[in-house]
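A short worksheet on the structure shown next.
The values are calculated or read from the model by the stated rules, or taken from the named source; none is laboratory data. All values derive from a computational prediction rather than experimental measurement. Heads up, the Cβs are rebuilt from the backbone with ideal geometry, glycines too, and the neighbour counts pull from every protein chain shown.
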Amino acid sequence: MLRTTRIAAALGVFFVMLASGLLVGMPVRAAEPYEWTIAVYGDADNNLEGAWDKYTDPMLKLVPASDDVKIVSLLDRFSTMTAEIIEYSYGESTAVATYPEKNLGDPSTLTWFIQEVAGKYPSNKLAVIMWDHGGGWWGVCWDDTDHDYLTLPEFSAGVSNAGVYIDVLGFDACMMAGIEVVYDSYLTGLVGMMVASEQLVPYNGFPYDLMFTPLASDPLMTKEEVADSMVYGWQMYYGNKGTVDLSAIDVSVIGRVVQNEFLTWVDAMDANLDMYLDDYLKAYKKSEMVKGWYIVDMAQFAMRLQMDRDITDAALKAATSALVSAIDLGVNAQSGGGKTPLAGMTLWFGIDGEYANYGLDYSMLSFAVDTGWYDFMSGVNGY
């Protein structure tokens, strides 16, 4: 749920550091490997190209230089037939390699990028940021030149095939804080923390300077601290708006939740499907996060079930409470949502035309199969 006390305390420390100038210092470390490499997978091969030039590139330049932190990006533009590797340092961005057009919607390109970064910019810890449009479990990174995008299974394959551990996986893309995405990342065994939004990431995207200035000052930050810092930087930039949010998620914790508390909850939901179907649908309609995308915030959905006086099954109530508590332990920080407390993750609730159009695609996800959630949604839709 919302961790406002923790965020407020961290922001207080952050502001004190800014005021005292502690975040300007640049600890010197002459030899590689770097302590951290931040690698941005920049798919600007679509209508977001302007956002890269107006917001992302300037914000990356504002991250204070550090000999222990390397910032690099792969940038593929719509207006050119080339792709570039760009390094950021001391307020400058420098293209250090140019390639023919690359399809960033191809998982092999993601694999190549991660391995290229690991080889040329070795570090003790790695953050990879996926930059583009996002669609939750539907996928990420639409490459308009190549008419392609990364489905969730393709994204996971790209990460798995790279074989490189990613301490922090960020999504500068809409709606990627789905439990389906977290679970697929968990199954790779190569992702520590995940930072993503349940709802919409504005055109401005991530405030990289606010997110990573603390890391430039203290390169020994843990993956949990870096992920939390990204959320705090987001809150400083966007505030507590209802339509935007960001979560720092412990992938290992949530992966275990999916395999335990979530399974118990699905069984309890399915056992009461005939009796409480109308209640499930009512809870869905009151907790949908982005209209037309059929995703619900898990805390909001659970809260509706808990408050529904018509639902009296003790096992279902207990399983619902246990699931919310378990998820809360895996969400280290959360910002946004306005007055609505959010769990930090969404879940697909596909009904009617959504199920007819996309149910088969959803059934291909590891999450859908391993948890029985697709079978449950089939029951909701009368199949």
Check: Using beta carbons and a limit of 7 Å, which pairs, at least six apart or on different chains, have the first residue in the stretch 360-375 and within 13 Å of GLY350 (Cβ to Cβ) and the second one of a type in the set (Gly, Ala, Ser) and not in a helix (DSSP H, G or I)?
Finding: TYR362/GLY350; TYR374/SER363
Next item on the list: Could you list, in sequence order, all residues of the stretch 199-215 that are part of a helix (DSSP H, G or I) and surrounded by fewer than 24 Cβ atoms within 10 Å (Cβ to Cβ)?
Entry: ASP209, LEU210, THR213
Next item on the list: Residues being touching a Phe, Trp or Tyr at 6+ places or on another chain (Cβ under 8 Å), assigned to a helix (DSSP H, G or I) and on the phi < 0 side of the Ramachandran plot: count how many of those fall in the stretch 128-160.
Entry: 3
Next item on the list: For the stretch 111-120, state whether one or more residues are within 18 Å of the chain's Cα centre (by Cα) and assigned by TED's automatic domain parsing to the domain that holds ASP67.
Entry: yes
Margin query: Pairs please, first residue from the stretch 92-118 and without any contact (Cβ under 8 Å) to a residue 24 or more places away in the chain and at positive phi, second anywhere and crowded, with 22+ Cβ neighbours inside 10 Å and assigned to a helix (DSSP H, G or I), Cβ atoms under 7 Å, 6+ apart in sequence or on different chains.
Written below: none
Next item on the list: Could you please find all residues in the stretch 89-108 being among the polar types (S, T, N, Q) and within 29 Å of THR213 (Cα to Cα)?
Entry: SER89, SER93, THR94, THR98
Next item on the list: Looking at (1) part of a loop (DSSP other than H, G, I, E, B); (2) small (Gly, Ala, Ser); (3) surrounded by 17 or more Cβ atoms within 10 Å (Cβ to Cβ), find the lone condition where ALA83 falls short.
Entry: (1)
Item checked: LYS125 vs. criteria crowded, with 22+ Cβ neighbours inside 10 Å, assigned by TED's automatic domain parsing to the domain that holds TYR183 and either of a type in the set (Lys, Arg) or on the phi > 0 side of the Ramachandran plot (or both) -> yes
Next item on the list: Scan the stretch 166-188 for residues that are in contact with a Lys or Arg (Cβ under 9 Å, 6 or more places away or on another chain) and not aliphatic (A, V, I, L, M) and jot them down.
Entry: ASP167, TYR186
Check: Does ASP76 satisfy being charged (D, E, K, R) and either loosely packed, with under 13 Cβ neighbours inside 10 Å or within 25 Å of TRP36 (Cβ to Cβ) (or both)?
Finding: yes
Note to self: Give me the helices (runs of 4 or more DSSP H) completely within the stretch 239-358, filtered to those with at least 2 residues that are farther than 16 Å from GLY178 by Cα, ordered by residue number.
What the structure shows: 263-271, 273-287, 298-307, 314-330
Check: Since GLY163 meets every condition but one in (1) at positive phi; (2) within 18 Å of the chain's Cα centre (by Cα), which condition does it not meet?
Finding: (2)
Next item on the list: Please go through the stretch 294-312 and pick out each residue that is touching a helix residue (DSSP H, G or I) at 6+ places or on another chain (Cβ under 7 Å) and either without any contact (Cβ under 8 Å) to a residue 60 or more places away in the chain or surrounded by fewer than 20 Cβ atoms within 10 Å (Cβ to Cβ) (or both).
Entry: VAL296, GLN300, PHE301, ALA302, ARG304, LEU305, GLN306, ASP308, ASP310, ILE311
Item checked: Index of the failed condition, GLY344 passing every other in (1) within 22 Å of ALA196 (Cβ to Cβ); (2) exposed (fewer than 15 other Cβ atoms within 10 Å of the Cβ) -> (2)
